[in-house]
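**Q** Have a look at this one before I ask anything.
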Amino acid sequence: MASRDLLTLPLLVVPHVLFPGSRLQLTLTQPESIELLEDVIQRDSTFVVISEKPNQELFPVGTTARVVESLRDATAMTITVVGVQRVSLLSYRHQGARLVGQCRYAVDQDDAVPPPLTEEAWALGSELFGAVAHGDRRALPQNATGLSYWIAAHVPLALAVRQELLEISSTRARLAKEISLMRTLLDGFRAEHSG
């Protein structure tokens with residue numbers, strides 16, 4: 001593997017999973033995190049948003065991100081980031097008070113997603129999003145990869161489940177897993193509201 005395939009990027013460890021194309025708002029209070037983001041903003045560069053396991057080890061996959069909004073006061077910084085690309089974390093180290101990771105872009109497998117799978121995921125996502133958030137169903141992406149990331153980011157799921165979805169490298173497999181999860185959520189939602 002050529003060294004140009006590896007990226008050295010700062011890591012922002014948060015209790016959230018960021019997906020490509022999704023936005024996430026974070027409020028940072030730790031001075032080292034604020035300093036990291038101020039540097040990222042000044043350089044207009046990317047960094048990796050990554051979560052940690054209960055044992056405080058980092059998960060093996062995160063997402064590169066760019067800051068699209070920031071607001072700083074005396075004690076905190078609120079930022080909105082947008083996810084760009086999944087990355088595999090190969091190793092990491094402390095560089096002063098910061099964490100820096102050796103990463104490689106994690107490209108989705110080029111698998112054909114059958115239209116009925118995408119249509120079912122879109123229909124379930126639309127129904128669930130409408131039932132839970134009373135949102136605009138037109139916000140759902142039409143392409144399979146974008147839809148799979150949108151569902152993972154917007155459907156109410158535990159952190160571990162979101163992380164599992166981020167680590168799936170096949171759009172087809174991710175959508176299949178999401179369909180199963182959404183069916184379960186909708187069955188529970190319907191049962192709760194039918195009595």
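**Q** Roughly what angle does helix 144-154 make with the longest principal axis of the chain, taking Cα atoms, 0 to 90 degrees, to the nearest 10?
**A** Once rounded, the angle reads 80 degrees.
**Q** Working from Cα positions, state the angle (0 to 90°, nearest 10) between the long axis of helix 171-194 and the longest principal axis of the chain.
**A** 60
**Q** Dividing the Cα convex hull volume of the chain by residue count, how many Å³ per residue is that?
**A** 147
**Q** Can you tell me the 0 to 90 degree angle between the C-alpha axis of helix 115-133 and the longest principal axis of the chain, rounded to 10?
**A** Result, in degrees: 80.
**Q** For segment 95-107, what does the Karplus curve 6.51 cos²θ - 1.76 cosθ + 1.60, with θ = phi - 60°, yield as ³J(HN,Hα) per residue in whole Hz, taken in order and with x for Gly and Pro?
**A** 10, x, 8, 9, 9, 10, x, 8, 10, 9, 4, 9, 8
**Q** In 10 Å bins starting at 0, how do the alpha-carbon pair distances of segment 3-105 split up by percent?
**A** Percent of pairs per bin, in order: 16, 52, 30, 3, 0.
**Q** Using modelled amide H (1.01 Å from N, peptide plane; none on Pro or chain starts), what sits under 5 Å from the amide H of residue 92, excluding residues fewer than 5 places away?
**A** Placed amide hydrogens put 102 under 5 Å from residue 92.
Bear in mind these aren't lab numbers, they're just calculated from the coordinates by the rules spelled out. The model shown is predicted, which means the values in this text are computed figures rather than measured ones.
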